[in-house]
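Colleague: Mind looking over this structure? Questions follow.
The values are calculated or read from the model by the stated rules, or taken from the named source; none is laboratory data. Since the structure is predicted, the reported quantities are computational estimates derived from the model, not experimental observations. Here the Cβ is made from the backbone with ideal geometry for all residues, glycine too, and neighbour counts use every protein chain on show. For the accessible areas, the whole protein counts, side chains as well, though only heavy atoms, and no ligand, DNA or RNA atoms are used. Shrake-Rupley method; radii C 1.70, N 1.55, O 1.52, S 1.80 Å.
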Amino acid sequence: MPGLVGGLPLEIDALPADTADQVMSVTLLRESAFRYAGRMLLLTFDDYFVRTWSAVRGLFTAYDARVSFFISEPDRLDAEEWRMLRDLAADGHTVGAHGWRHRWAPDRIAELGGDGYLAEDVTPCVELLRAQGFAPRSFAYPVSRHCEKSDQVLGGVFSRLRGGVPVKPAVDLSTLDDLFVPLAEVPSRRVLLGASIDTGKAFRPAGVGDASVSAALRRAADRQECLTLYGHAVADRHEANHTAPARVEAILAQAAELGLPCRGFDELDAGVAGHA
Ligand SMILES: [Zn+2]
């Protein structure tokens, strides 16, 4: 991986402010995603809640954070939501795919075979995203269900896949080793497993507590690891799974304080031929 070549880490934070401004172009950050930091947060959001994501666009910018949005049922988006998603992409965020009808990959592959599943739930999603000007290179598994066969089938289409680890509300995320990948291993890790940061669903509180999320961020920073997390709608109350804006900001603020760069999935493979 080009990002790992070159030896010395580039410490952008150590540069004088004016130089840092010039250096911190999105292009360079993308090319040097692995070089300039020994740890990383991959914060991701799933489904089609573009309006709620757009509402916190300024938060991401304020904390120099780039995240990933995995879109399912893209045909639900109206023209205004497509415009918002384009604005988010223009800010440097990743837009990936999450299924045309949010089908469970292992189950559909067992029923239809790999090609049948791709034709049913993946290709239409990718094609509509492309028609709207996006180039999805990563995929998040609906309800995090995956298997060796699905990794193989989808690995032929996408650079990266995001799965998930089921988490009980009382768990301390920092104890779940599957969420943490030593940064040097990230280039060869095609499937990254995340945990939910959602604070509620069906208009009620749910999910892990603030201390659990905070401990996970500290572990990634302390041990030089890459941590993957996922949410859905960004809202205080919502019918669907949702993450409170205050939690999103708390994560971004703590990550910034810890020197834990928050980056999008597309940045993991920047610089690879054919994936510019
Ligand atoms: Zn989903």
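Colleague: If you check Val153 against the conditions, is it away from the ligand (no atom under 16 Å from the Cβ), over 25 Å from Phe49 (Cα atoms), β-branched (Val, Ile, Thr) and in a loop (DSSP other than H, G, I, E, B)?
Modeller: no
Colleague: Applying the selection to region 64-94, what residues are in contact (Cβ under 8 Å) with a residue 24 or more places away in the chain, of a type in the set (A, V, I, L, M, F, W, C) and either open to solvent by less than 10 Å² (accessible area, probe 1.4 Å) or over 21 Å from Asp269 (Cβ atoms) (or both)?
Modeller: Across region 64-94, the qualifying residues are Ala65, Val67, Phe69, Phe70, Ile71, Leu77, Trp82, Met84, Leu85, Leu88.
Colleague: Quickly run through region 218-229 and pick out the residues that are closer than 25 Å to Phe139 by Cβ and open to solvent by less than 10 Å² (accessible area, probe 1.4 Å). Lay out the reasoning, then the answer.
Modeller: The initial filter retains those residues of region 218-229 that are closer than 25 Å to Phe139 by Cβ, namely 220, 225-229.
Hits for region 218-229 are Ala220, Cys226, Leu227, Thr228, Leu229.
Colleague: Right, here's the next one. Of the conditions (1) open to solvent by 70 Å² or more (accessible area, probe 1.4 Å); (2) within 16 Å of the ligand (Cβ to nearest atom); (3) not polar (S, T, N, Q), Arg162 clears all except one; give me its number.
Modeller: (1)
Colleague: So, one more: Consider Arg162 carefully, then state whether it is touching a Leu at 6+ places or on another chain (Cβ under 7 Å) and of a type in the set (Lys, Arg).
Modeller: yes
Colleague: Could you tell me how many of the residues in region 95-149 are open to solvent by 50 Å² or more (accessible area, probe 1.4 Å), within 21 Å of Phe45 (Cα to Cα) and not in a loop (DSSP other than H, G, I, E, B)?
Modeller: 4
Colleague: While we're here: Output the number of residues of region 63-75 satisfying the condition of being within 16 Å of the ligand (Cβ to nearest atom) and either at positive phi or touching a strand residue (DSSP E or B) at 6+ places or on another chain (Cβ under 9 Å) (or both).
Modeller: So the answer is 8.
Colleague: Turning to a different aspect of this structure: Condition test on Val167, is it touching a residue at least 60 places away in the same chain (Cβ under 8 Å) and over 23 Å from Asp75 (Cβ atoms)?
Modeller: Values: touching a residue at least 60 places away in the same chain (Cβ under 8 Å): no; over 23 Å from Asp75 (Cβ atoms): yes.
No; evaluated as a whole, the condition is false for this residue.
Colleague: Among residues belonging to region 87-107 that are touching a strand residue (DSSP E or B) at 6+ places or on another chain (Cβ under 9 Å) and farther than 18 Å from Leu154 by Cβ, point out the one that is farthest from the ligand (Cβ to nearest atom).
Modeller: Per the criteria, the residue is Ala89.
Here is a yes/no grid of residues against (1) closer than 20 Å to Ala89 by Cβ; (2) free of Cβ contacts under 8 Å to residues at least 24 places away in the same chain; (3) within 16 Å of the ligand (Cβ to nearest atom):
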site	(1), (2), (3)
Asp121	no, yes, yes
Glu127	yes, yes, no
Pro136	yes, no, yes
Phe139	yes, no, yes
